[in-house]
Amino acid sequence: MQLVFIVSQPRSGSTLLQRLLSNTSVVSTTPESWLLLPFLGFLKSGLNTCAYNSELALSAVHEFISNGIGKPSFRDKLAHFIEDVYQDSSSVGSKYFIDKTPRYYEVVDLIYEFFPTSKIILLKRSPIEVVSSMRSTWNIKNPFDLYPYRRDLLEAPLLIEEFKLSTEGSGRVHTQTYESLLENPIKVIGEIYAWLGLKEDLVNVDIVQHTSVFGKFGDPYSKEKDILNSKPLRQYRWEEETKHWRNFYRGYAHYLNSKTGLEYDLFGLELGKTKTFDDYLDFCELEIPDSKGFLSKNFFRSFWLKAKYQYRKGQNS
């Protein structure tokens, strides 16, 4: 069984890519599994928040492995168990299994290590359009409502690009863009099939009846028949955006350019630091209790915004 992983930012078209790639009997898949996040995520510091002290647990697990079977044996046994789970989740006769979970960007380096024969597809989309898609899909009204997705916006592009650069020439990682997928799906899927060793004549972009990828998680709009004809943000009138959001986009693009060394374009507009995006960055550095904590997120946010306003008012007086 050939394992294939799709890694991306959320709202980058990964469900569409998954549907197109698995639209043949030799490729199995399931709705987003998130399977490897708990099984591999516990090996990385800072990823787990739980009732017990996860950092102490991580230290104890590493000591247990070092004093016992050793890391190579532990890795092989855990990988074998997970591979068996994938095998039992596959359709009879299939030769490939696709696990599409965007937030695998958190553990993609471990996936690469634990499954040395696997193939990994990095799907990229303009982060500006990712934000736009988040807003329309999850009813985001202002930038501070993007707080729960802060790692998706601030860390994912950096981690994905870093992984891409570190694995160049390996033959195991294929990078594709959502924009190219929409523009020419037959060409893009054909290229990926060739890379996987599949016959290109298996490409089938008629995905209306292909519903095996639908579950609780994933793109709620991927069921639409005209999903391949959807328009990116840049085809809408930029003037319709409020000044607040335009400043957020300008600051976000500038932030990513400075962090990744890439050149994200924003309709040719001049990029730079903006107060709107800097406020969002400040907000993301705060530790906000969950809904069961003493302070709710909304109360905490209101308190923080009021304090920020009073501070600026004092600075300008």
Using a simple charge model, +1 on the beta-carbon of Lys and Arg, -1 on the beta-carbon of Asp and Glu, nothing else, what dipole does the range 1-98 show about its Cα centre, in debye to the nearest 20?
-> 260
Least to most buried among T24, T49, by other C-beta atoms within 10 Å and fewest first, runs T49, T24
Ranked packing of 68-75, 15-22, most packed first, by mean Cβ within 10 Å | 15-22, 68-75
If the chain between R151 and S170 were fully stretched, how many nm would it gain, using 0.36 nm times the residue separation less the Cα-Cα distance?
-> 4.1 nm
Can you put F81, F97, F42 in order, fewest other beta carbons within 10 Å first?
-> F81, F42, F97
Just how far, in whole angstrom, is the range 1-58 from the range 60-95 if you go by their alpha carbon centroids?
-> 15
Find how much the distance from V92 to L281 grows on full extension, using 0.36 nm per residue of separation minus their present alpha carbon separation; answer in nm with one decimal.
-> 63.2 nm
Expected sort for W245, W138 with the fewest Cβ neighbours (10 Å cutoff) up front is W138, W245
Just list whichever of K44/K100; K119/K164; K71/K164; K164/K259; K77/K164; K44/K273 have alpha carbons separated by over 22 Å in the model shown.
-> K71/K164; K77/K164; K44/K273
If r is the Cβ-Cβ distance from K77 to L35 and R0 is 25 Å, what FRET efficiency results, to the nearest 0.05?
-> 0.95
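Since every read-out is calculated from the coordinates, none of them should be taken as a lab result. This structure is a prediction, so every number in the text was calculated from the model and none was measured. So basically every Cβ, Gly included, is an ideal-geometry build from the backbone, and we count neighbours across all protein chains shown.
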